[in-house]
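Any read-out appearing in this document is the output of simple, stated calculations on the displayed coordinates, not a laboratory observation. All values derive from a computational prediction rather than experimental measurement. Heads up, the Cβs are rebuilt from the backbone with ideal geometry, glycines too, and the neighbour counts pull from every protein chain shown.
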Amino acid sequence: METFTNEIMGGLLSRSLKTASIDASGWHDCGEGPGCTDGKYINWLTIKNQEESVLEDVKRIRNHPLVPS
């Protein structure tokens, strides 16, 4: 399950993070609160596949010219 997506983050911020909760199906806003619609226009740079992302990061670090072999 992808915990955070751009849509989830923007939606939560537009309502209220004060009463947000998470369960097996993901994040939900379960209460009141002023929000900010700006969150819908932000690219949150979420990670769709965490395993693939970690492997790419390790590969990039191992092959970086400033990292000693």
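Numbers below:
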| quantity | calculated |
| --- | --- |
| Residue order, fewest to most beta carbons within 10 Å, for 13, 45, 66 | 66, 45, 13 |
| Residues with amide H under 5 Å from that of residue 46, placed H, sequence gap 5 or more | 6 |
| For segment 5-14, Karplus couplings with θ = phi - 60° (6.51, -1.76, 1.60), whole Hz, Gly/Pro x | 10, 4, 5, 5, 4, x, x, 5, 5, 6 |
| Proxy reagent accessibility, fewest Cβ within 10 Å first, across 25, 53 | 25, 53 |
